[in-house]
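Below you'll find the structure, written out as structure tokens, and then a few comments.
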Amino acid sequence: MQVLESLLDNFKTELNSIHKVADLLNLKSKYIGKQGPLADVMKNIKDATPEEKRTLGSKANELKNTIEDLVGKKMVELEVAEINQSLLTNKVDFSLTDSVLDKGLQAAGLHPVTIIQQEIEDIFISMGFEVLDGPHIEDEFHNFEALNIPATHPARDMQDTFWFADKKHLLRTHTSTIQVRGMKERKPPFRFVGPGKVFRCERTDASHEMVFHQLEGMMVGENVSVGNLIYFMKTLLAEIFKREVEVRLRPGFFPFVEPGFELDIKCLICNGKGCSVCKHVGWVELLPCGLVHPNVLKSGGIDPEKYNGFAFGLGLDRLVMMRYGIDDIRHLHSGDLRFNSQFKTF
Ligand code: PHE
């Protein structure tokens, strides 16, 4: 009891001289830690009478709570003091911008592909879609097999693939890889989009690049129809181009959709009359899409008897070029600041 009585006074005296969080923690464990005087008292309590046990026990408890309380209060004080101190010593000068620009440095800007990608993400988010990401380096399973493209399938030749030396890994040739992971990680109904870079071993020219951008979309549920697909595409295009856009579907072949389509839009430049942009046909091919093949649903862990869905792969570079009137895709990867800074600066 004597030990306990003087304990609190001693603690308070020591507490007054503490100025650092680390010292405070040491002090706390010195008094109420496993090797501390309180623990000692508790160890020896077995030799006391039942009466003494009760008073000692409750006194010890009370003391422990008081000390914890005092430590807590001191901790807040010390933390506030440390923050104030660091605000004084680590001042950040936000007023630099103008003087940096005066020295001839350029303000940062957004790449046009980023601008379009963010706009489209926002449109899909407003229609209840999630936005997913996926790795650039993939394996055969995610890029081909799970998408109903087995090793011997001729469709593997449709996509000129950059393989790694181990012959097992590759740079993803399309964002459809995001479908596979997206399906595995959720239960229907769901809808998501997945934007990103894709890579193909192609000869470059004004309309072909080895690195370009797609935005994958997928919706799975009960009774998803081609009508749903057309609705979402028309809403998307009307938002992007800020006017009603006419669309048409042509049959298209992709092993991971059945039926598969190419979705065309009526040329926005000539309104369907025929011009150089639409190569005089009045329609511009915009995105491949279709209803998800049952084998793909299966490899995503989804029962094709119960659920179905649609998927599409929007080419972002083509959209950027149409919107800004860019005639050569290679500008997009030139890294030329004179090009990049024309779109949007902060
Ligand atoms: N992944 C296909 C491609 O890159 C596009 C696509 C996506 C087609 C979804 C249909 C459905 O060519």
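The values are calculated or read from the model by the stated rules, or taken from the named source; none is laboratory data. Computed from a prediction, not measured in an experiment: that's the story for all the values here. Positions of Cβ are generated from backbone atoms using ideal geometry, with glycine treated the same way; all protein chains shown enter the neighbour counts. To get the accessible areas, we keep the full protein, side chains included, count just its heavy atoms, and leave off ligands, DNA and RNA. Shrake-Rupley method; radii C 1.70, N 1.55, O 1.52, S 1.80 Å.
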Legend entry - Accessible surface of the chain [probe 1.4 Å, protein heavy atoms]: carbon and sulfur percent: 53 percent
Inset, instruction - Taking the Cα centre of the chain as origin, sum charge times position over the Cβ atoms of Lys and Arg (+1) and Asp and Glu (-1), and report the length of that vector in debye to the nearest 20. - result: 220 debye
Inset, instruction - Go through the range 262-276 residue by residue and turn each phi into a ³J(HN,Hα) via Karplus (6.51, -1.76, 1.60, θ = phi - 60°); whole Hz please, and just put x for glycine and proline. - result: 10, 9, 10, 10, 5, 3, 7, 7, 10, 6, x, 6, x, 7, 5
Inset, instruction - Would you be so kind as to identify which of Ser29, Val71, Ser17 lies farthest towards the positive end of the dipole of the range 2-89, taking Lys and Arg as +1 and Asp and Glu as -1 on Cβ and the Cα centre as origin? - result: Ser29
Legend entry - Relative contact order for the range 2-137, counting Cα pairs under 8 Å that sit 6 or more residues apart, in percent: 21 percent
Legend entry - Karplus-derived 3J(HN,Hα), 6.51/-1.76/1.60, for each residue of the range 205-214, Hz, glycine and proline x: 8, 4, 10, 10, 10, 6, 10, 9, 10, 10
Inset, instruction - Please compute P(r) over all alpha-carbon pairs of the range 2-89, binned at 5 Å starting from zero, and give each bin as a whole-number percent. - result: 2, 13, 23, 20, 14, 10, 7, 4, 3, 2, 1, 0
Legend entry - Protection proxy ranking of 229-235, 289-295 - average other beta-carbon atoms within 10 Å, highest first: 289-295, 229-235
Inset, instruction - Return the long-range amide H neighbours of His174 (sequence gap of 5 or more, or a different chain), with a cut-off of under 5 Å between placed amide H atoms. - result: Phe199
Legend entry - Å² of accessible area per residue within the range 2-89, as computed with a 1.4 Å probe and no ligands counted: 70 Å²
Inset, instruction - Give a residue-ordered list of calculated ³J(HN,Hα) values for the range 67-79 (Karplus: 6.51 cos²θ - 1.76 cosθ + 1.60, θ = phi - 60°; whole Hz; x for Gly, Pro). - result: 5, 4, 4, 4, 4, x, 5, 5, 4, 4, 4, 5, 5
Inset, instruction - Of the options Ser58, Ile83, Pro112, report the single residue whose Cα projects farthest towards the positive end of the charge dipole of the range 1-135 (beta-carbon charges: Lys, Arg +1; Asp, Glu -1). - result: Ser58
Legend entry - Whole-number accessible area per residue in Å² for the range 112-343, which is evaluated in the context of all protein chains at 1.4 Å: 49 Å²
Legend entry - Pairwise label distance in nanometres, Ile269 with Glu305, each label 7 Å out on the Cα-Cβ vector: 5.2 nm
Legend entry - Residue with peak Gaussian network fluctuation, the chain [Cα springs, cutoff 10 Å], from Lys59, Lys298, Lys306: Lys59
Inset, instruction - State the antiparallel share, in %, of DSSP beta bridges confined to the chain, rounding to the nearest 5. - result: 95 percent
Legend entry - Highest-fluctuation residue, Leu110, Leu38, Leu170 considered, GNM on the chain with Cα pairs under 10 Å: Leu38
Inset, instruction - Using only Cα atoms, tell me the angle between helix 2-16 and the longest principal axis of the chain; keep it within 0 to 90° and round to the nearest 10. - result: 50 degrees
Legend entry - Angle between the chain longest axis and helix 21-32 axis [Cα atoms, degrees, rounded to 10]: 50 degrees
Legend entry - Fully extended contour minus Cα-Cα distance, from Ser17 to Lys43, at 0.36 nm per residue: 6.4 nm
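Only Cα pairs under 8 Å and at least 6 apart count here; give the relative contact order of the chain as a rounded whole percent. Don't skip to the end; give the middle numbers.
Details: 506 pairs, mean separation 55.4, N = 346.
Value for the chain: 16 percent.
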Legend entry - Sequence-distant residues sharing a close amide H with Leu286 (under 5 Å, placed H): Leu263, Asp264, Ile265
Inset, instruction - Could you give the size of the charge dipole of the range 179-270 about its Cα centre, using +1 on the Cβ of each K and R and -1 on the Cβ of each D and E, expressed in debye and rounded to the nearest 20? - result: 240 debye
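Please report the net charge: other residues with Cβ closer than 11 Å to the Cβ of Phe312, K and R +1, D and E -1.
So the surrounding residues net to -2.
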Legend entry - For the range 2-89, size of Cβ-based charge dipole, Lys and Arg +1, Asp and Glu -1, in debye: 240 debye
Legend entry - Estimated FRET transfer efficiency when R0 is 22 angstrom, pair Leu25-Glu62 (beta carbons, to 0.05): 0.50
Inset, instruction - Taking amide H positions as placed in the peptide plane 1.01 Å from N, state which residues far from Val131 in sequence (5 or more) or on other chains have amide H under 5 Å from it. - result: Val193
